[in-house]
Amino acid sequence: MPAQQVVILGSSGSIGTSTLDVISRNSARYSVFALVAGKNIDTVYQQVIEHKPKYVVMNDEDAANALSAQLSGFATEVMSGTRAMCEVASHDDVDIVMSAIVGAAGLLPTLAAVESGKKVLLANKESLVMSGKLFMDKVKKHGATLLPIDSEHNAIFQCMPREMQQGTTTDFSPLGIHKILLTGSGGPFLNRDIHTLSQVTVAEAVAHPNWSMGQKISVDSATMMNKGLEFIEAKWLFDCQADDIEVVIHPQSMIHSMVQYQDGSVIAQMGQPDMRTPIAYGLAYPDRIDAGVQPLDFSRMKDFTFTEPDYNRYPNLQLAIEACRLGQAATTTLNAANEISVAAFLQGKIGFMDIFKVNEQVLSNSALGELDTMEEIIDMDAQARRLAQELVLRQVG
């Protein structure tokens with residue numbers, strides 16, 4: 001059986017590099033067709049040397065030109081821009097697309113893969129936060145296979161009955177499901193004095209206690225906006241309502257999420273905090289393959305603890321849950337505002353607690369109408385970004 005051809009959107013990031021690691025352990029089953037990245041020439045160059053893809057697409061044209069010069073004599077073709085990303089994601093020879101570009105930039109190439117009926121491994125939660133109903137409608141219309149890769153959603157998927165996994169039903173009640181329990185570590189400031197959060201530095205915010213992630217996602221974890229975005233993503237992935245989802249703080253990050261059933265049973269998925277496990281599950285589903293991850297040693301494990309989230313500590317989480325209840329325009333707006341505010345914090349333009357202030361003000365000052373087309377979604381995203389930039393320029397005054 002020929003190897004399945006894989007496109008990795010976001011190959012230079014943590015999910016992309018972990019995906020390549022899993023592929024290298026299972027090279028008889030998977031081959032890299034194309035790599036898509038931003039500006040990290042050195043990392044992508046090494047990936048090309050090792051995996052020999054047919055295509056590389058860089059988001060930045062200058063980076064593409066520089067990489068192309070370095071790869072002179074290689075068979076790999078180097079391109080740039082969103083259109084080229086969409087072309088490789090929808091290529092006839094491609095079987096699987098890993099969607100791991102952080103933020104709104106991943107939406108269009110991910111949709112291109114969906115519209116071509118690919119098996120899409122979704123690690124880009126923003127695609128569903130921005131365009132949930134439209135996105136899921138396209139999955140059904142084009143017969144794409146959508147598998148969640150975020151550790152929490154992958155865990156929920158694994159704990160669901162087979163009927164839900166296979167999409168033969170999206171109705172909770174006949175399957176006896178009571179509630180989705182979405183776990184989160186609480187990030188690096190779970191036990192920090194709440195009155196000192198305004199003094200948090202960038203270095204402190206990106207130092208996650210359990211997971212190795214990029215800067216943006218690490219800050220989102222520190223504010224728990226990441227859990228809020230995952231809350232919204234879960235609503236669309238599992239076709240449920242906000243009341244069907246409950247966030248639980250679990251600092252050890254060993255139980256990745258749970259499904260509670262009407263008979264009192266709770267099914268949980270456990271494992272090391274290593275993204276190679278859900279990546280391997282998504283690549284091989286319904287089979288299991290080597291992910292390079294050691295199993296848990298229960299004789300050495302510490303006690304598990306669980307608490308409710310404190311919304312005074314994590315106002316961004318509460319804001320995201322409120323946006324989920326308000327609908328698509330609110331979640332699109334909040335995601336855009338958060339990308340701008342987090343970038344501003346990372347650049348030293350605003351403080352840590354100002355991230356919430358920007359997000360809250362953008363959401364409260366936006367006209368939240370119906371969004372029925374991709375053009376309307378992109379326009380709403382752009383409006384929210386402009387408003388967020390204005391607030392940042394005023395330093396959230």
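The values are calculated or read from the model by the stated rules, or taken from the named source; none is laboratory data. Source: prediction; values computed, not measured. Ideal geometry is used to build each Cβ from the backbone, glycine not excepted, and the neighbour counts take in all protein chains shown. Calculation scope for accessible area: heavy atoms of the full protein, side chains included, ligands and nucleic acids excluded. Shrake-Rupley method; radii C 1.70, N 1.55, O 1.52, S 1.80 Å.
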Heavy-atom accessible area of the chain with neighbours in place, 1.4 angstrom probe: carbon+sulfur share in percent works out to 47 percent
Accessible area per residue, Å², the chain with all protein chains present, probe 1.4 Å
43 Å²
How high is the relative contact order of region 7-153? Use alpha-carbon pairs under 8 Å, at least six apart in sequence, and give a whole percent.
20 percent
Let me check I've understood the local charge: for ASP220, count other residues with C-beta under 10 angstrom from its C-beta, Lys and Arg +1, Asp and Glu -1. What total comes out?
+1
Rounded to a whole number, the Stokes-Einstein D of the chain in µm²/s (Kirkwood radius over Cα pairs; 4 °C; 1.567 mPa s) is 60 µm²/s
Suppose each label sits 7 Å from its Cα in the direction of the beta carbon; what would the THR305-ASP263 distance come out to in nanometres?
3.4 nm
Quick one: plug the Kirkwood hydrodynamic radius of region 4-148 (C-alpha pairs) into Stokes-Einstein at 20 °C, 1.002 mPa s, and report D in µm²/s.
144 µm²/s
7 Å from Cα along Cα→Cβ at both ASP171 and ALA367: what's the point-to-point distance in nm?
4.0 nm
Quick calc: nm separation of the 7 Å Cα→Cβ label points for ARG162 and LYS349 -> 5.2 nm
Rounded, prolate or oblate: which fits region 287-374, taking a ≥ b ≥ c as square roots of the Cα gyration tensor eigenvalues, rounded meaning a/c under 1.5, else prolate when a/b beats b/c?
prolate
Cβ charges +1 (Lys, Arg) and -1 (Asp, Glu), total dipole of the chain, debye:
480 debye
Give the shape of region 182-242 as rounded, prolate or oblate, defined through the alpha-carbon gyration tensor: a ≥ b ≥ c are the square roots of its eigenvalues, a/c under 1.5 means rounded, and otherwise the shape is prolate if a/b is larger than b/c and oblate if not.
prolate
Determine, for region 4-148, the count of lysine pairs separated by eight or more sequence positions (or lying on different chains) whose alpha-carbon distance falls under 19 Å.
15
The chain: relative contact order as a whole-number percent, Cα under 8 Å and 6+ apart:
15 percent
If a/c stays under 1.5 just call it rounded; otherwise compare a/b with b/c (prolate if a/b is bigger, oblate if not). Do that for region 33-95, with a ≥ b ≥ c from the square roots of the Cα gyration tensor eigenvalues.
oblate
Alpha carbon centroid spacing (whole Å) that separates region 341-397 from region 31-56
33 Å
Local net charge near ARG385, Cβ-Cβ under 12 Å (Lys/Arg +1, Asp/Glu -1)
-3
Note on the chain, DSSP bridge orientation, antiparallel percent to nearest 5 equals 25 percent
